[in-house]
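Report on the structure given below.
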Amino acid sequence: MTTVEIRGRIGPRALEDLLGTWANGGQSAYEALADRIRLLIIDGRLPTGTRLPAERELAETLGRSRTTIVSAYRQLRETGHLVSVRGSGSATMLPPTPLPAGPEPHDVVVDFARAAPAAISGLENVVERATRNIGTVLTKTGFDLVGSVELRERIAAHYAARGLPTSADEIMITLGAQHAIALVSRTLLRPADRVLVESPTYPHALDAFRGAGGRLVTTPVTTRGWDLDQLRDTLERVRPALAYLQLDFQNPTGASMPPDQRDDVIRAARRTGTVIVIDDTTADLDLGRGWTDVPFAARADTAVGGRSSGHAGGARSPRTHAAGQPAVITLGSLGKSVWGGLRIGWVRADGDVLRSLRAARAASDLGNPELEQLIACEVFDDYPALLERRIAQLRHQRDVLVGELRSRMPSWDVPVPDGGASLWVGLGAPISSTLALFGLTRGVHVIAGPRFGADGAFERFARIPYTLSAEDLVRGVHALADTARALPALPLPAGTTQLAEVV
């Protein structure tokens, strides 16, 4: 018997809002309803393990007969998208989808798998300046778990310029943002702790939380943003130990959370005692959003009239914080704005958290590279100019990619994000994994949408970064379009033939 863990619930009114206009003149009412609910599950807007409303209450809300709801639920059970849970009603799930065997891949010509640009122009001059100062670090042992004071002061000044007063003592240098995520996970999480993550989100963050024993709970995000009611409800109902959020140019959707919604998240986290981990790695890549905001930690400070870093009194556990004050840990790196090959990231947090991170870190690595920290110091001295060039480059490449995709694949839903490094493209059908598989035979590497979900959703989406040169972007889109048109016809579960029309 198939089992599923109940991870949340959705009320009839909230489900009605998600369903939108779902009736289709070419289908019976129950088939159209089943198709729309199935689409919400496939796209991740209804996370797996979500308990659906009882048939009677959903019938009353939708103004349909109970027979219609019962029939729709029955069809969803038959296709493996719904399972009955004793004492808990019906919960969503994703049936396994076998992929066809593909031809042998050949060498990758265009790599859409990594949303990481090459080094920004002018970095060679920065490196040359840094190497002139190499003598200042050669007398050190090279084993430093916190990071150079000079670099931490520059990062602190960067946050202060954005509206978040920060001291060097509130910064730890790491080997990139991914290292920071893994270190925070290992340090703060205990086995079976709940971790709230966006869906979709950065895949390696999911790996880190699972590796630390965390149990993932999802909240949906689309290119249009977050379902704030569901995010707030999940926080208050699940009370996760940690919530991992990307609020500026979210990876992969490109969405940004408006300031008033951020305040709501802060208030909810204050009530639940959840530690908020903000991944700020794309926050500087504003390609024309039209508004700016202070860092999330600054909003948390303002909400309680104090500092989210530092406190009075003795040492606390890294999982606790002052009464009524949400604990905020901010992660950043130079990987997207300057160069992924410069393995410099950081954690901004209070002293208790940083002391715990340092103790945990000693078991896995021996600290930060001195030469790269020298280079990073020089980078921050030139950061505004370097960032301006990066933004101009990404804006041009985004426009090239959007234009090519819309021209070559007019049936795809191609958004225009106002920041970040990639597009979250709607493919119009659940073909993402197959597209990724067969793309390798044409020399194009793309990561399938389900890699960005915690439960296998997002077969109708693919992340396509615009971090390559314009020439490579054009070649890559041509290869993707050729691949999509040559895909073998895949048998879909019963009842899914109308998905494209219902959207």
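Relative contact order of the stretch 194-276: what whole-number percent is it, with Cα pairs under 8 angstrom and at least 6 residues apart?
34
Given H placed on each backbone N at 1.01 Å, which residues far from Leu334 in sequence or on other chains put an amide H within less than 5 Å of it?
Hits under the 5 Å cutoff: Ile344.
If a paramagnetic tag sat 7 Å from the Cα of Asn133 along the Cα-Cβ line, which residues of the stretch 368-383 would have the backbone N under 11 Å from that point?
Of the residues in the stretch 368-383, 373-382 have backbone N under 11 Å from the label point off Asn133.
With θ set to phi - 60° and the Karplus curve 6.51 cos²θ - 1.76 cosθ + 1.60, what are the ³J(HN,Hα) couplings of the stretch 430-441 in order, to the nearest whole Hz, using x for Gly and Pro?
Working through the residues one at a time gives x, 10, 4, 5, 5, 4, 5, 5, 7, x, 4, 6 Hz.
Would you pull out the residues with amide H under 5 Å of Thr174's amide H, same chain only if 5 or more places away, H placed 1.01 Å from N?
Here the answer is Gly345, Trp346, Val347, since their amide H atoms fall under 5 Å of that of Thr174.
Once the Cα gyration tensor of the chain is diagonalised, what are the square roots of 5 times its eigenvalues, in whole Å and ordered largest first, as equivalent ellipsoid semi-axes?
After diagonalising the Cα gyration tensor, the semi-axes are 40, 29, 19 Å.
Calculate, in nm to one decimal, what Ser28 and Arg66 gain on full extension: separation in residues at 0.36 nm each, minus their alpha carbon distance.
Taking Ser28 through Arg66 to full extension adds about 12.3 nm, to one decimal.
Could you check the spin-label model distance between Ala54 and Glu153? Points 7 Å from the Cα along Cα→Cβ, value in nm.
So the label points at Ala54 and Glu153 sit 6.6 nm apart.
Using only the alpha-carbon atoms, how far is helix 370-381 inclined from the longest principal axis of the chain? Give it as 0 to 90 degrees, nearest 10.
So the helix axis and the longest Cα principal axis differ by about 80 degrees.
Helix 351-361 sits at what angle to the longest principal axis of the chain, using alpha carbons and giving 0 to 90 degrees rounded to 10?
Tilt of helix 351-361: around 80 degrees.
Roughly how many whole Å is it from the C-alpha centroid of the stretch 328-351 to that of the stretch 124-139?
When both Cα centres are located, 21 Å separates them.
Pairing the Cα long axis of helix 259-272 with the longest principal axis of the chain, what angle in degrees results, from 0 to 90 and rounded to the nearest 10?
It works out to around 90 degrees.
State the Cα centre-to-centre distance between the stretch 392-448 and the stretch 234-258 in whole Å.
Between the Cα centre of the stretch 392-448 and that of the stretch 234-258, the gap is 24 Å.
Compute the normalised compactness of the stretch 8-92: alpha-carbon radius of gyration over 2.2 N^0.38 Å, N being the residue count.
Rg over 2.2 N^0.38 Å, computed on Cα atoms: 0.97.
Give me the percent relative contact order of the stretch 135-381, please, defined on Cα pairs under 8 angstrom at least 6 residues apart.
RCO, the stretch 135-381: 27 percent.
By what distance, in whole Å, do the Cα atoms of the stretch 135-381 stretch along each of the three principal axes, largest value first?
55, 42, 35
For Arg9, list long-range residues whose amide hydrogen, built 1.01 Å from N in the peptide plane, is under 5 Å from its own amide hydrogen.
Amide H neighbours of Arg9, under 5 Å, 5+ apart: Arg51.
Throughout, read-outs are computed from the coordinates displayed, never taken from laboratory work. This is a predicted model, so every value here is computed, not measured. Positions of Cβ are backbone-derived with ideal geometry, glycine not excepted, and every protein chain shown enters the neighbour counts.
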